[in-house]
1. Can you give me the P(r) profile for region C:22-169? Cα pairs, bins 10 angstrom wide beginning at 0, each as a whole percent.
2. Does anyone have the angle between helix B:17-34 and the longest principal axis of chain B? Alpha-carbon axes, 0 to 90°, nearest 10?
3. Any lysines with Cα under 23 Å of the residue B:40 Cα? List them, leaving off those in the same chain fewer than 8 positions away.
4. What fraction, in whole percent, of alpha-carbon pairs in region A:1-149 exceed 23 Å separation?
5. I'd like the Kirkwood hydrodynamic radius of region A:203-328, using the inverse of the mean 1/r over distinct C-alpha pairs, in Å.
6. With both bridge residues required to lie in the protein assembly as shown, what share of the DSSP beta bridges run antiparallel, to the nearest 5%?
7. Quick one: compute the contact order of region B:138-288, relative version, from alpha carbon pairs under 8 angstrom and 6+ residues apart, as a percent.
8. Give the whole-number value, in cubic angstrom per residue, of the convex hull volume spanned by the C-alpha atoms of the protein assembly as shown.
Amino acid sequence: MSLIIKGGRVIDPVGGLDRVCDLEIDKGRIVRTGRGLSGERVLEASGLWVLPGLIDMHVHLREPGYEYKETIESGSRAAAAGGFTAVACMANTDPVNDNGSVTDFILSQARRRAAVRIYPVGALTKKLKGEQLAEIAEMKVRGVVALSDDGATPMNAEVMRRGLEYASTFGLPVIAHCDDQNLSRKGVMHEGAVSMRLGLPGIPDAAEACIVGREILLAELTGAALHIAHVSSRRSVALIRGAKERGVAVTAEVTPHHLTLNDAALAEYDTNLKVSPPLRTEADRRALVEGLIDGTLDAVASDHAPHNIAEKEVEFENAAFGMIGLETSLPLLLRLVHAGTLTPSQLVQVMAVAPARILGLPGGTLGKGVDADVSLVDPDRVFSVDPQTLLSRSRNTPFGGWELKGKAVCTLLRGKKAYEDREWKSRQKVSS
Amino acid sequence: MAWGKRKDLLGIEDLSRDEIETILDTAESFKEVSLREIKKVPTLRGTTIVNLFLEPSTRTRTSFELAGKRLSADVINVSAASSSILKGESLKDTAWNIEAMNTDILVVRHSAAGAAHFLSKVLDCSVINGGDGAHEHPSQALLDLFSIRERKKRIEGLTVSIIGDIAHSRVALSNILALQKMGARVRIAGPATMIPLGVASLGVEVTYDMDAAIEGADVIMMLRIQKERQGAHLFPSVREYATHFGLNQQRLRGAKKNLLIMHPGPINRGVEIAPDVADGPYSIILDQVTNGVAVRMAILFLYSGAAQ
Amino acid sequence: MWPENMPQNASKGPSRGLIIDKTRMGELVQELADRIVAANPDLSEVTLVGIRTRGTHLARRIAERVAKSVGQTVPVGILDITLYRDDLRARIDQPELLRTEIPGPVEGHNIILVDDVLFTGRTIRAALDGIMDLGRARKIQLAVLVDRGHRELPIRANYTGQYIETTQDETVRVRFVEDGDEDSVILREIQRP
């Protein structure tokens with residue numbers, strides 16, 4: 001039974017396509033694009049963007065171990081609502097995903113309950129301790145797509161070097177969370193004028209940049225594929241830009257919150273703004289936007305980090321790091337599009353094409369014959385973020401009350417609806 | 001007189017110069033009360049003040065307690081050792097329990113910066129910041145201003161040097177903000193490990209040279225050196241710190257004749273300040289303690305009606 | 001409410017506006033001074049304590065008259081009753097707190113509190129508490145320029161310049177040269193929006 005998505009603006013940078021036309025889906029796959037297509041069912045999409053399903057390559061689904069924060073089921077529903085058809089979930093669960101059986105568990109939960117594709121990221125070292133390598137080959141066989149000790153950085157450079165080498169043996173990229181833990185110590189926010197005013201222990205930008213520099217040099221040494229997670233500072237951007245110019249196999253991601261906010265936002269000690277790496281200065285934020293435009297930063301990833309309210313409604317210094325992001329990621333990036341900073345095609349590039357390429361995943365395109373993972377986006381839909389209505393099991397977003405423009409209204413996974421915006425759905429019924 | 005009723009005193013940052021002056025003027029009247037034979041007035045009869053001190057402090061707690069009692073308020077002290085926080089209760093729950101006892105004013109001391117802000121958002125009663133982490137200690141800065149003004153008859157135009165661990169000191173930050181609002185010039189001095197990274201945004205003069213810090217200063221404020229910070233790589237040894245950044249008689253040879261030397265206490269004698277300097281003619285360290293009660297009476301008085 | 005035994009010198013009637021002029025005010029102050037002298041043979045024990053701020057003006061005037069009449073200087077103190085008010089927490093505005101300055105001891109002295117207008121009596125209650133906290137006076141008396149009635153507490157002045165019949169909707173304002181006005185007493189209706 002074929003489905004026609006009618007009259008939307010189809011944007012597929014891989015296929016070099018950006019025009020208003022119809023998209024035909026049959027048996028869960030893309031059949032063709034064109035004008036005046038007909039089929040048994042029709043989704044009216046005029047005024048909407050028709051995009052390859054978005055991919056968030058850096059989320060924390062918290063299962064197993066922290067199901068009170070998020071589960072594979074709830075996190076995947078939040079992902080679908082945010083326009084994502086695939087997410088890569090980090091290994092810092094309990095138990096840590098550092099062996100094949102945990103990978104198996106995650107994937108079996110995903111098969112039974114997930115609304116979108118779930119790609120596990122395995123730990124680089126056992127229990128994320130930065131000491132012994134995890135059973136990487138074993139996890140690769142079970143299905144991990146990358147390796148990362150996200151949340152911690154192996155402080156021993158030798159361990160990182162061997163990790164990169166061993167991972168490259170199995171063709172897995174290493175995602176580096178770059179933080180020199182001796183420099184960041186007990187820091188809870190960017191170290192600078194604002195941290196001084198607030199009396200909060202600071203994390204200097206050098207804590208990130210030192211490790212970014214180290215990992216780049218180790219990638220150069222080993223020839224392994226390195227991906228830098230959630231870049232936060234202009235110094236790191238400069239290091240990555242330099243590395244790319246030299247031809248090092250390095251890629252990088254940036255979060256919507258680092259592209260949107262700076263450290264001045266912390267003035268009221270809102271613990272939802274406590275993230276790792278921290279929000280940095282306005283100059284850093286601008287450098288990140290610049291890096292995204294010029295391709296130094298390849299991808300946007302939310303670093304969706306759910307926490308229970310009890311872990312956030314405490315003194316700033318004692319609050320957990322992280323904010324949720326799956327359901328605000330696309331609207332926040334659309335601000336850059338509405339501002340003329342980013343083209344719609346670039347948005348698809350950083351939110352779908354690049355993540356697929358970096359992790360070697362299918363998707364990121366609407367080419368003929370591929371699985372029909374499609375995001376329908378209403379770029380003009382204005383809505384106010386209400387943390388209570390989000391599908392994530394946690395509420396730790398600083399964007400509550402923000403008026404945003406543009407959101408996903410329908411997410412298709414293999415041609416089937418994984419998410420449908422209620423307001424959009426009711427309008428569909430009226431029109432059909 | 002400038003006083004729009006405020007609910008909370010969270011930091012000097014929020015106060016205008018007029019408001020600071022109102023607090024200081026009011027404190028002068030209370031100083032008179034403190035000199036009476038019967039050092040008590042009925043002003044806050046029926047008012048309940050809770051001193052929630054979750055970090056050790058004798059000076060500030062006693063000062064607030066005495067201030068409250070001289071105003072006839074009922075004052076209860078809750079300390080870290082006696083509170084349920086150690087038993088795992090969250091700060092929010094502790095605060096709600098305290099408020100449920102119909103508390104009118106909560107004075108809070110906490111090791112975490114922003115703790116007073118946090119409480120002011122969840123509580124209806126007045127919240128007075130009695131020192132939060134390395135953030136602010138507004139009542140200390142106000143009593144320091146009061147003590148300077150009492151001796152110098154003005155604050156505007158004075159040069160004040162603050163010496164020590166500026167980066168980790170709530171006393172330093174509150175004083176820098178307060179002194180600047182009142183029109184004083186502020187200098188800070190100490191080893192570079194103790195000067196905060198964002199210092200340029202404060203508009204203070206920075207020096208690493210003690211003699212330059214002392215020269216021409218009308219007031220010198222010495223900060224307490226926390227010996228436990230040796231482990232944090234801020235300075236190699238107490239001995240070296242005392243030699244290079246301690247205040248002693250020899251250094252004072254280049255000082256102004258009518259210099260005032262201050263210290264928020266408690267003093268590490270022989271570390272940041274030599275005993276004969278602490279007890280010497282320039283020192284107004286004990287004035288600070290006396291004035292602390294009057295200034296805190298003024299704070300409690302001015303903030304007491306606000307919760308209505 | 002008007003006192004049951006209406007005094008002889010009560011001014012009646014709704015004569016609004018200027019009710020006591022400069023000349024008459026001078027006479028009233030003189031009368032108060034004379035009666036204080038007559039009633040207190042040992043003036044060396046007397047301290048006049050004006051209640052901030054207009055009571056202070058009146059206390060100084062009385063002291064001047066006493067000095068002129070009998071050649072004896074009577075010390076004048078200032079009492080700020082802000083800390084003793086019973087309406088502190090109910091007030092919208094924050095009252096300004098000023099210093100209390102009493103020359104010499106209160107202990108064992110004959111204190112004459114001085115205020116411009118006696119109304120509900122609450123100010124005097126506060127002043128009594130304030131004085132007593134400063135020491136145990138041998139005797140405390142009260143002198144006022146105007147008594148306008150409507151007492152809420154059992155308080156009476158020892159020396160009253162003039163009784164004026166008023167309603168609750170009126171205010172009595174005593175003006176002094178010291179504050180940049182002409183000496184006078186004005187009766188007004190309270191303007192309510």
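1. 11, 42, 35, 10, 1
2. Tilt relative to chain B: about 80 degrees.
3. In chain and number order, the partners are B:31, B:69, C:139.
4. Working: 5195 of 11026 pairs.
It works out to 47 percent of all Cα pairs.
5. On the way: mean 1/r = 0.0663 Å⁻¹.
Across region A:203-328, the inverse of the average 1/r is 15.1 Å.
6. Working: 42 of 128 bridges.
The antiparallel fraction comes to roughly 35 percent.
7. Numbers: 267 pairs, mean separation 36.0, N = 151.
About 24 percent, as a whole number.
8. Working: hull volume 200.4 nm³, N = 933.
Once divided by residue count, the hull of the protein assembly as shown is 215 Å³.
Values in this text are rule-based calculations from the coordinates and carry no lab data. Everything numeric here is computed off the predicted structure, so don't read it as measured data. With ideal geometry, Cβ positions are generated from the backbone for all residues, glycine too; neighbour counts draw on all protein chains shown.
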